[in-house]
Amino acid sequence: MRVISGSAKGHRLQPVPGDSTRPITDRAKEALFSILGNWIEGRYVLDLFGGTGAVGIEALSRGAEHVQFVDRSRPAVRTILQNLAHCRVAERATVARRDSFEFLARFEGEPFDLVYIAPPQYKEMWQKALLAVEGCEALLVEESVVIVQIDPREETPIALESLTEFDRRRYGNVLLIFYEFVE
């Protein structure tokens, strides 16, 4: 697992000890940021269920203005902090050791341009998280992008009101579903 491009290109990221996280593959991450392109520059990003921090750190490396990481696991938060320091992007990041659903329920602050959701697999959390993001009025602005990372076998239909799916891509056992927020 490494940073693919930008200011921290080539830096290896430490994994979270144990098997509690499912880091995005380099192939899927490279494709994701190829889709986002230069749009990520200057953006505010929320990385829910942060894990190793790989997606948020890649965003910072490619010019995101700020990334807010949220993970309730102490080892994951420790890993994110270590990876941020190693990649020299910590000054543009905030890390919260909190439950992602609690964070969303109590969110106050500036909205995000991009929300990345990658919850633990096979626990039916991605739909709950997506609905919580949609229901948090202060979290998104017109044309914010929300991306969900799941295993394709987890996919089930979901009824949304203000998030519209505009793309989906599959890379092996990683399915990325892209939504746009429209008020």
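Once label points are set 7 Å from the Cα along Cα→Cβ at both SER34 and GLU155, what is their separation, rounded to one decimal in nm?
Label-label distance for SER34 and GLU155, simple model: 1.9 nm.
Given the protein chains as shown and a 1.4 Å probe, how many square angstrom of SER5 are accessible, to the nearest 10?
Probe radius 1.4 Å; accessible area of SER5 about 40 Å².
The range 24-70: D in µm²/s via Stokes-Einstein (Kirkwood Rh, Cα pairs, 4 °C, 1.567 mPa s)?
Values: Rh = 10.6 Å.
This corresponds to a translational diffusion coefficient of 122 µm²/s.
Give me the 1.4 Å probe accessible area per residue for the chain, excluding ligands and nucleic acids, in Å².
Details: 8930 Å² over 183 residues.
Solvent-accessible surface per residue comes out at 49 Å².
In terms of the ratio Rg/(2.2 N^0.38 Å) built on C-alpha atoms, what value belongs to the range 50-101? The partial results should precede the final answer.
On the way: Rg = 9.9 Å, N = 52, 2.2 N^0.38 = 9.9 Å.
So the range 50-101 has a normalised radius of gyration of 1.00.
Among DSSP beta bridges lying fully in the range 1-138, give the percent that are antiparallel, nearest 5.
Working: 1 of 15 bridges.
Looking only at bridges with both residues in the range 1-138, the antiparallel portion is about 5 percent.
Kindly express, to the nearest 10 degrees and within the range 0 to 90, the angle between helix 125-135's C-alpha long axis and the longest C-alpha principal axis of the chain.
The angle comes out near 70 degrees.
Hey, any idea what % of the range 74-164's accessible area is carbon plus sulfur with a 1.4 Å probe?
Details: 2300 of 4790 Å².
Taking all protein chains in place, the range 74-164 shows 48 percent carbon and sulfur surface.
Report the trypsin sites (Lys or Arg not before Pro) located in the range 71-168 that are in a DSSP loop and have at most 10 other Cβ atoms inside 10 Å of their Cβ, or state none.
Passing both the DSSP loop test and the Cβ count: ARG106, LYS123.
Largest first, please: the extent of the C-alpha atoms of the range 87-183 along each principal axis, to the nearest Å.
Here the spans come out as 36, 35, 22 Å, largest first.
The values are calculated or read from the model by the stated rules, or taken from the named source; none is laboratory data. This is a predicted model, so every value here is computed, not measured. Here the Cβ is made from the backbone with ideal geometry for all residues, glycine too, and neighbour counts use every protein chain on show. Protein only, heavy atoms only, side chains kept; ligands, DNA and RNA dropped before computing areas. Shrake-Rupley method; radii C 1.70, N 1.55, O 1.52, S 1.80 Å.
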